[in-house]
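K.L.:
Mind having a look at this structure? Questions to follow.
The values are calculated or read from the model by the stated rules, or taken from the named source; none is laboratory data. Not measured: the values here are computed from a predicted model. Note: ideal-geometry Cβ built from the backbone for every residue, glycine included; neighbour counts use all protein chains shown.
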Amino acid sequence: MQSITILGATGSIGVSTLDVIARHPDRYRVFALTANSRVEDLAEQCIRFRPEVAVVGSALAASQLSERLKSAGLTTHVDFGEQALCDVASAAACTTVMAAIVGAAGLASTMAAAHAGKKILLANKEALVISGQLFMDAVAASGSILLPIDSEHNAIFQCLPLNYQRQPGNHGIRKIVLTASGGPFLDRDVATLDQVTPEQAIAHPNWSMGRKISVDSATMMNKGLEVIEAHWLFGAAPSQIDVVIHPQSVIHSMVSYADGSVLAQLGNPDMRTPIAHALAYPDRIESGVDSIDLTKIAQLNFRPPDYQRFPCLKLAFDALYAGGSAAAVLNAANEIAVEAFLDRQIGFRRISELIDTVLNRMPAEPVTDLDSVLAKDRSARLLASELLHH
Ligand code: NAD
Ligand code: MG
């Protein structure tokens, strides 16, 4: 029986995770659920899944949740704040952590799970992009099992040799090929991109996701973060990672081998597939997702990415080549820029310009510990916020 903490339970990934868990009460029980501010959603999840602990973002939210759970007759312990997130991610009573908070806000708790040797289902790609080697070192030192939830990385994981995790190495791998849908603006006139609204940007053609990752998909910064994620997860050199646009999102990614074989994982675009895969690994369980019908899909298309249209993808590759603090700076500037775009403070194309300026003003420096990474994250946020008003 796995005992699960879901960091970010009220989000898109959190809700899909609970959907899979609910199908297998014999295999999984919920130890802790966390949310930032959506108290009512979290209360309903607690009433249904009866966790031992629930964590929210503020003292006010905690007192509201406590009241609500008491009146429903629950004895769930309610806590709040970052230390409480770290506590539920590392608690002895928890075996498995779904890291599904969005952005750098999830870094400390995801790191706590890694230090505590938990089985980690990693959706929070920003945490890995920021902490890179430090996170992978923590996983190796504690003996954590790290399973990717991001659909591309989960697909790659499924296409790698069975002994890959125990013996990382080349294994005859030529290339890791990440597929990208291209998002809602793949065919839009580039000259009109600055007029797009947040509503248009978050209307993803294939996937239903949180707002931040949906904007990242529209700029293709999401793919850029995933290139960096693949580098750390699979020990792939930047030159070994390719991106190909595949608008149908049926092939979730591929591994190309020295003998000319290319292995792909296919499926409907539904995150319950990678979530179920990682929860049950190495078993296979029902996820609620139907198999694809290739005769209905009929066509799969592919094209190379265009850096004019998607400058964020190039910025991410550059940051990966630069190494050191560059990826943390890229991520921090992106988080500020996306928030500003969603708040209608800046236009769509300003997102990449802002990140570019921040990266130029903060050249890559070596980072050896989490404090120095977090200092870079803070400086980049400050600089990006200042630049917003110029
Ligand atoms: P979401 O916005 O739907 O949910 C985010 C969750 O994080 C919510 O539960 C929210 O309460 C919590 N949260 C937000 N800010 C917080 C803070 N400051 N402190 C504590 N908790 C906070 O996001 P999502 O789409 O579920 O994405 C979550 C993560 O998974 C992201 O890193 C995203 O890149 C990754 N991911 C998502 C998908 C997807 O299909 N949604 C696919 C691949 C990867
Ligand atoms: Mg993805």
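K.L.:
The conditions are (1) touching a helix residue (DSSP H, G or I) at 6+ places or on another chain (Cβ under 7 Å); (2) under 17 Å from Ser214 (Cα atoms); (3) among the charged types (D, E, K, R), and Asp270 fails exactly one of them. Which is it?
P.N.:
Asp270 satisfies every listed condition except (1).
K.L.:
In segment 114-132, how many residues are farther than 24 Å from Arg381 by Cβ and either at pLDDT below 95 or more than 16 Å from ligand 2 (Cβ to nearest atom) (or both)?
P.N.:
Total satisfying the criteria: 6.
K.L.:
Taking the residues in segment 61-94 that are crowded, with 17+ Cβ neighbours inside 10 Å and among the hydroxyl-bearing types (Ser, Thr, Tyr) as candidates, determine which candidate is farthest from ligand 2 (Cβ to nearest atom).
P.N.:
Here the residue is Ser66.
K.L.:
Now, a different point. Among the residues of segment 314-352, count how many are over 20 Å from Gln200 (Cα atoms) and not aromatic (Phe, Trp, Tyr).
P.N.:
18
K.L.:
Inside segment 12-29, can you point out the residues that are surrounded by fewer than 24 Cβ atoms within 10 Å (Cβ to Cβ) and over 15 Å from Ala280 (Cβ atoms)?
P.N.:
Across segment 12-29, the qualifying residues are Ser12, Val15, Leu18.
K.L.:
Those residues that are closer than 23 Å to Ser12 by Cβ and in contact with a strand residue (DSSP E or B) (Cβ under 9 Å, 6 or more places away or on another chain), I need them from segment 82-99; list them, please.
P.N.:
Of everything in segment 82-99, those that are closer than 23 Å to Ser12 by Cβ and in contact with a strand residue (DSSP E or B) (Cβ under 9 Å, 6 or more places away or on another chain) turn out to be Ala84, Leu85, Val88, Ala89, Cys94, Thr96, Val97, Met98, Ala99.
K.L.:
For residues that are of a type outside the set (A, V, I, L, M) and in contact with a Leu (Cβ under 7 Å, 6 or more places away or on another chain), tally how many sit in segment 332-368.
P.N.:
Number of matching residues: 7.
K.L.:
Quickly run through segment 100-113 and pick out the residues that are closer than 22 Å to Val329 by Cβ and of a type in the set (A, V, I, L, M).
P.N.:
Within segment 100-113, Ile101, Val102, Ala104, Ala105, Leu107, Ala108, Met111 meet the criteria.
K.L.:
Could you tell me how many of the residues in segment 208-233 are farther than 22 Å from Ile120 by Cβ, in a loop (DSSP other than H, G, I, E, B) and within 12 Å of ligand 1 (Cβ to nearest atom)?
P.N.:
1
K.L.:
Across segment 366-382, which residue is farthest from Leu128 (Cα to Cα) among those that are of a type outside the set (D, E, K, R) and surrounded by 19 or more Cβ atoms within 10 Å (Cβ to Cβ)?
P.N.:
So in segment 366-382, the residues of a type outside the set (D, E, K, R) come out as 366-368, 370, 372-375, 379-380, 382.
Applying the additional criterion that residues be surrounded by 19 or more Cβ atoms within 10 Å (Cβ to Cβ) yields 367, 373, 380.
Details: Val367: 14, Val373: 12, Ala380: 17 Å.
The extreme case among them is Ala380.
K.L.:
If you don't mind, another one. When the residues of segment 354-390 are filtered to those that are among the charged types (D, E, K, R) and over 23 Å from the mean Cα position of the chain (by Cα), which remaining residue is nearest to Pro311 (Cα to Cα)?
P.N.:
The selected residue is Arg361.
K.L.:
I need the helices (runs of 4 or more DSSP H) fully contained in segment 277-365, keeping only those with at least 2 residues that are of a type in the set (S, T, N, Q) and crowded, with 21+ Cβ neighbours inside 10 Å.
P.N.:
Passing ranges, in order: 326-342.
K.L.:
Hey, another quick one. So, Arg188, is that one without any contact (Cβ under 8 Å) to a residue 12 or more places away in the chain and surrounded by 13 or more Cβ atoms within 10 Å (Cβ to Cβ) or not?
P.N.:
Yes: the conditions hold for Arg188.
K.L.:
Considering only residues that are of a type in the set (D, E, K, R), over 22 Å from Gln308 (Cβ atoms) and away from ligand 2 (no atom under 16 Å from the Cβ), which ones fall in segment 176-230?
P.N.:
Looking only at segment 176-230, we keep the residues that are of a type in the set (D, E, K, R), and these are 187-189, 194, 199, 211-212, 216, 223, 226, 229.
This time we only want the ones that are over 22 Å from Gln308 (Cβ atoms), so: 199, 211-212, 229.
Result: Glu199, single match.
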